[in-house]
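Just below is one structure, and these are the notes that go with it.
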Amino acid sequence: GKARVVNVSSNGAYGAGSVGIYFNAMTDTPQRKAKGVGLYGISKYGNVVFSNELAKRYGDRGIVSTALHPGSIETNLARYWPSPVMRVVKFLLLYPVEYGALTPLWAGTSAETKDFNGKWLVPWARVGNMGPSKDPRIGEKLWDWIEEQRKGHY
């Protein structure tokens, strides 16, 4: 059999591939404070990079690793949108929270997705295209960084 790892990311990952991952902003440093809200996209891109590296390293051992954007979902993050215009945007562009489960459930349980190792999935249960990273070694770099960070915690 195969085991599946479903890594939930976001469409916030788009574009971060051209920027890369600021490793010096991943811990509590002045660089982290300087990056501010841009860290959201970088962190979501990091989820995709991790997923792809996991697929590369363990796909031949029966692990199917996918990353996905669950959709533009009306979560509690939207409660901070103050203006009436933003409330209208929220009403027109965001889907009920239940929709956010569709693509992750498809990725993790469907017979159709059992060979989707390394794929980027998008709403509603479709294969998408994240596009290339500017750094072909970013997966290895992120994996090494994670290994270094977990030392002493495992």
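For 153, 69, give me the order by solvent-accessible area with a 1.4 Å probe, most accessible first, ignoring ligands, DNA and RNA.
Most to least solvent-accessible, the answer reads 153, 69.
Please enumerate, by chain and number, the aspartates and glutamates with C-alpha under 18 Å from the C-alpha of residue 2, excluding those fewer than 8 residues away in the same chain.
Partners within reach: 53, 60, 112, 115.
Which FRET efficiency value, to the nearest 0.05, is calculated for residue 86 and residue 19 with the Förster distance at 30 angstrom and r the Cβ-Cβ distance?
Between residue 86 and residue 19 the formula returns 0.70.
Pick from 76, 129, 52: which is most flexible by mean-square fluctuation in a GNM of the chain where alpha carbon atoms under 10 Å apart are linked?
76
With the chain treated as a Gaussian network of Cα nodes joined by springs under 10 Å, which of 96, 104, 123 yields the largest mean-square fluctuation?
Ranking 96, 104, 123 by mean-square fluctuation puts 96 first.
Would you tell me the accessible area of residue 26, worked out with a 1.4 angstrom probe on the heavy atoms of the protein chains, in Å² to the nearest 10?
Estimated to the nearest 10 Å², residue 26 gives 60 Å².
Running a GNM on the chain with Cα contacts under 10 Å, which residue among 61, 126, 87 ends up with the highest mean-square fluctuation?
Greatest mean-square fluctuation among the candidates belongs to 87.
Do the sum for the chain: with -39,500 (n - 2.57) for every DSSP H run of n ≥ 4, divided by all residues, what is the mean residue ellipticity at 222 nm, to the nearest 500 deg cm²/dmol?
-12000 deg cm²/dmol
Summarise the accessible area of the chain (1.4 Å probe, protein heavy atoms) by the percent that is carbon and sulfur.
58
Which whole-number value in Å² is the accessible area per residue of the chain, probe 1.4 Å?
Dividing the accessible area of the chain by its residue count gives 62 Å².
Return the percentage of antiparallel bridges among DSSP beta bridges fully within the chain, rounded to the nearest 5 %.
Antiparallel bridges: around 20 percent, rounded to the nearest 5.
About its Cα centre, what dipole magnitude does the chain give when the only charges are +1 on Lys and Arg Cβ and -1 on Asp and Glu Cβ, stated in debye to the nearest 20?
Here the size comes out at about 160 debye.
Once the other residues with Cβ under 12 Å from the Cβ of residue 3 are scored (Lys, Arg +1; Asp, Glu -1), what is the net sum?
Details: positive: 2, 4, 61, 114; negative: none.
Net charge in that neighbourhood comes out at +4.
Past the 19 Å Cα-Cα mark, which pairs from 44/141; 119/151; 114/141?
Values: 44/141 16 Å; 119/151 29 Å; 114/141 27 Å.
Too far apart for the 19 Å limit: 119/151; 114/141.
The values are calculated or read from the model by the stated rules, or taken from the named source; none is laboratory data. What you are looking at is a predicted structure, and each value in this text was computed from that prediction instead of being measured. Positions of Cβ are backbone-derived with ideal geometry, glycine not excepted, and every protein chain shown enters the neighbour counts. With ligands, DNA and RNA removed, areas are computed over all heavy atoms of the protein, side chains included. Shrake-Rupley method; radii C 1.70, N 1.55, O 1.52, S 1.80 Å.
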